[in-house]
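These notes concern the structure reproduced below.
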Amino acid sequence: MQGSVKFVFGNDVWQPRRQFKSDNDWLALACDAKGCLLEPASLSVKQESLQGHYDDKPTSGQLFSFRRSGGSGKPVVAWFRAAPGPGWLKPGNVVTYYSPQHPLKQPAGRGSLEVIVDLPNGESALLVPMLRLAPPPGSSDEGRSYHLQLRAQGRRQMLLEKLGICTETFYPRKYLLWAGDLDRDGKPDFLVSFIDQDGPVHLYLSSAAKPGQIVGLAGAYISPPWGGECDGAGAWE
């Protein structure tokens, strides 16, 4: 996990190294069709090693298992580390514009991979997958790649990482995990998955934006590998 906001995507997941200990300092972002809230949760950590497809020996790590302390029973989108953490990360309702339990809004037309997120005051944000046919000068990328552009507030911003890095396959319901006002500043935030067999989930916050940006990268969860470098079972299956 990287960035100022620590979070985990999924449950009963393995991570390398010793990152956390068992405690009650977590919050579950839980959602249904009516909305989302942050609920108290606990983490149970078990020491466990994992040997990847190309590894000579197992890698020491931890198995993370989360449990909510009571709660609503709503499906969980992600688990956030509350302490230590920013002051706005506390139990309660969270303004939400999109979650997996909400209808996905897309532009008219067949085969669109874009997503529209309706915002307050009649505004909207647009997430647009874009094909880059050639890597930029000096880049280590090879060949074409798919990137995600955020359009909002009359501006455009390319988000970090690539879509479909292994299979060149991606779907709107897979890359957009959640949108709302997590940091409670009245501006949209986004939880975006770049997982394709492996890869990161990024948390973009408006409060982390640099001058000229719409959002800034506030946290990253790195998914465990699925068996090697773009082989094994696919994450989209």
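The values are calculated or read from the model by the stated rules, or taken from the named source; none is laboratory data. All of these numbers come straight from a predicted model, not from anything done at the bench. All Cβ positions, glycine included, derive from the backbone under ideal geometry; neighbour counts span all protein chains shown. Calculation scope for accessible area: heavy atoms of the full protein, side chains included, ligands and nucleic acids excluded. Shrake-Rupley method; radii C 1.70, N 1.55, O 1.52, S 1.80 Å.
Asp198 passes every criterion in (1) crowded, with 20+ Cβ neighbours inside 10 Å; (2) more than 16 Å from the chain's Cα centre (by Cα); (3) not small (Gly, Ala, Ser) apart from (2). Whether a residue is at pLDDT 95 or above and open to solvent by 20 Å² or more (accessible area, probe 1.4 Å) was assessed, and Ser140 does not pass this test.
Does Leu150 fit the bill of being in contact with a strand residue (DSSP E or B) (Cβ under 7 Å, 6 or more places away or on another chain) and either surrounded by fewer than 14 Cβ atoms within 10 Å (Cβ to Cβ) or at pLDDT below 85 (or both)?
Numbers: in contact with a strand residue (DSSP E or B) (Cβ under 7 Å, 6 or more places away or on another chain): yes; either surrounded by fewer than 14 Cβ atoms within 10 Å (Cβ to Cβ) or at pLDDT below 85 (or both): no.
No: the conditions fail for Leu150.
Looking across segment 48-97, the residues that are of a type outside the set (Val, Ile, Thr), in contact with a Lys or Arg (Cβ under 8 Å, 6 or more places away or on another chain) and in a strand (DSSP E or B) come down to Ser60, Gly61, Gln62, Leu63, Ser65, Phe80, Arg81. Candidates in segment 104-132 are the residues that are in contact with a strand residue (DSSP E or B) (Cβ under 9 Å, 6 or more places away or on another chain) and in a loop (DSSP other than H, G, I, E, B); of these, the one that is modelled with the lowest pLDDT is Pro107. Looking only at residues in segment 21-46 that are over 19 Å from Lys90 (Cβ atoms), in contact with a strand residue (DSSP E or B) (Cβ under 6 Å, 6 or more places away or on another chain) and not charged (D, E, K, R), which one is least open to solvent (accessible area, probe 1.4 Å)? Among residues in segment 21-46 that are over 19 Å from Lys90 (Cβ atoms), in contact with a strand residue (DSSP E or B) (Cβ under 6 Å, 6 or more places away or on another chain) and not charged (D, E, K, R), the one least open to solvent (accessible area, probe 1.4 Å) is Val45.
In the set (1) of a type in the set (D, E, K, R); (2) farther than 19 Å from Leu119 by Cα; (3) open to solvent by less than 20 Å² (accessible area, probe 1.4 Å), the condition left unmet by Glu161 is number (3). Taken over segment 213-234, the criterion of being modelled with pLDDT under 95 and open to solvent by 20 Å² or more (accessible area, probe 1.4 Å) is satisfied by Ile222, Pro224, Pro225, Trp226, Gly227, Glu229, Cys230, Asp231, Gly232, Ala233. The set of residues in segment 77-96 that are crowded, with 19+ Cβ neighbours inside 10 Å and under 21 Å from Asp32 (Cα atoms) comprises Val77, Ala78, Trp79, Phe80, Leu89, Val94, Thr96. The set of residues in segment 51-74 that are surrounded by fewer than 13 Cβ atoms within 10 Å (Cβ to Cβ) and closer than 22 Å to Gly219 by Cβ is empty.
Of all residues in segment 164-171, none satisfies being open to solvent by 10 Å² or more (accessible area, probe 1.4 Å), polar (S, T, N, Q), within 24 Å of Val94 (Cα to Cα) and modelled with pLDDT under 95.
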